[in-house]
1. Inspect all residues belonging to region 137-150 and state whether any of them is under 17 Å from Ser92 (Cα atoms) and not in a helix (DSSP H, G or I).
2. Keeping to region 95-112, report how many residues are of a type outside the set (Val, Ile, Thr) and either surrounded by fewer than 15 Cβ atoms within 10 Å (Cβ to Cβ) or touching a residue at least 60 places away in the same chain (Cβ under 8 Å) (or both).
3. Run down Val65, Val98 and say which single residue is hydrophobic (A, V, I, L, M, F, W, C) and outside any helix (DSSP H, G or I).
4. Does Ala33 count as in contact with a Ser or Thr (Cβ under 9 Å, 6 or more places away or on another chain), within 20 Å of Thr101 (Cβ to Cβ) and surrounded by 13 or more Cβ atoms within 10 Å (Cβ to Cβ)?
5. Only one of Ile28, Ile20, Ile47, Ile3 is hydrophobic (A, V, I, L, M, F, W, C), exposed (fewer than 12 other Cβ atoms within 10 Å of the Cβ) and modelled with pLDDT of 95 or more; which?
Amino acid sequence: TVIEILKALKARLQDSQSNIKPIAAQAIGDVMASLDEQAAPRFVRCIAEALLNSAADIKKQMRDVALAAFVRILSIGKPPLMLEAVLPALASALLHTVGRTELLLLLPPFLAPLTSDSSLLAPPFLDALQDKSAAARAAAEACLLPLLANGSLKMKALNDGMRDLAPAVRRSLAIPLARVEVQANESEASKGTAAQDPSLPPSLPPSLPTGKEAAVPVSPEGAKKKEGA
């Protein structure tokens with residue numbers, strides 16, 4: 001059965017022969033991609049944590065293959081179908097410093113459609129914002145932006161997550177969090193403006209000319225007056 005195959009491949013992710021592990025990760029991606037969107041969310045919970053742990057492997061080849069398989073899994077069905085199924089495993093994986101930047105960089109397109117509560121991601125994102133790597137910190141901000149913009153993650157969850165941190169750490173985090181919050185608010189405002197653009201008359205399609213050069217319909221009575229003039 002599918003579950004037995006996935007469990008066997010999951011075990012091979014910890015194989016003593018390092019050359020077997022990336023093969024197993026790729027095979028997991030292949031098996032998951034063969035499932036339909038009704039079955040995939042159920043089966044992915046079996047392998048998500050182990051696969052994401054492999055994305056924090058010390059060997060870059062293993063990390064790359066695991067991340068490629070993870071992207072294939074997230075691409076099953078319409079987002080955020082699969083992301084919602086792996087949120088707990090993702091929250092755990094983001095606490096690993098090895099491979100964290102690469103994982104963060106691939107997430108924004110999948111986070112944008114998310115509407116369900118993602119408060120469990122607050123602690124790992126706060127941890128990522130303290131990463132020694134500037135690239136990881138920037139990638140964490142890029143992930144927080146769509147989550148705050150779509151409302152699946154609230155600033156309250158982030159503020160609550162900082163309560164037990166040292167005062168100096170809270171002060172250092174306040175700067176990037178304030179920046180992301182402003183950007184998220186601006187993004188949401190721009191979406192509202194784009195949805196209803198007041199610069200175009202409602203009755204005139206955007207593809208047609210506007211202003212003085214626009215053609216104005218003339219009634220038959222008006223046409224006769226013009227001819228008489």
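1. no
2. Summing the residues that are of a type outside the set (Val, Ile, Thr) and either surrounded by fewer than 15 Cβ atoms within 10 Å (Cβ to Cβ) or touching a residue at least 60 places away in the same chain (Cβ under 8 Å) (or both) in region 95-112 gives 2.
3. Val98
4. Considered against the rule, which asks whether it is in contact with a Ser or Thr (Cβ under 9 Å, 6 or more places away or on another chain), within 20 Å of Thr101 (Cβ to Cβ) and surrounded by 13 or more Cβ atoms within 10 Å (Cβ to Cβ), Ala33 comes out as no.
5. Result: Ile3 is the single residue among Ile28, Ile20, Ile47, Ile3 that is hydrophobic (A, V, I, L, M, F, W, C), exposed (fewer than 12 other Cβ atoms within 10 Å of the Cβ) and modelled with pLDDT of 95 or more.
Okay, residues lined up against (1) at positive phi; (2) touching a His at 6+ places or on another chain (Cβ under 7 Å); (3) surrounded by fewer than 22 Cβ atoms within 10 Å (Cβ to Cβ):
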site	(1), (2), (3)
Phe125	no, no, no
Lys132	no, no, yes
Cys143	no, no, no
Leu147	no, no, no
Gly151	yes, no, yes
Met155	no, no, yes
Arg163	no, no, yes
Arg171	no, no, yes
Ala174	no, no, yes
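The values are calculated or read from the model by the stated rules, or taken from the named source; none is laboratory data. Values in this document were obtained by computation on a predicted structure and should not be read as measured data. Every residue, glycine among them, receives a Cβ derived from its backbone with ideal geometry; neighbour counts consider all protein chains shown.
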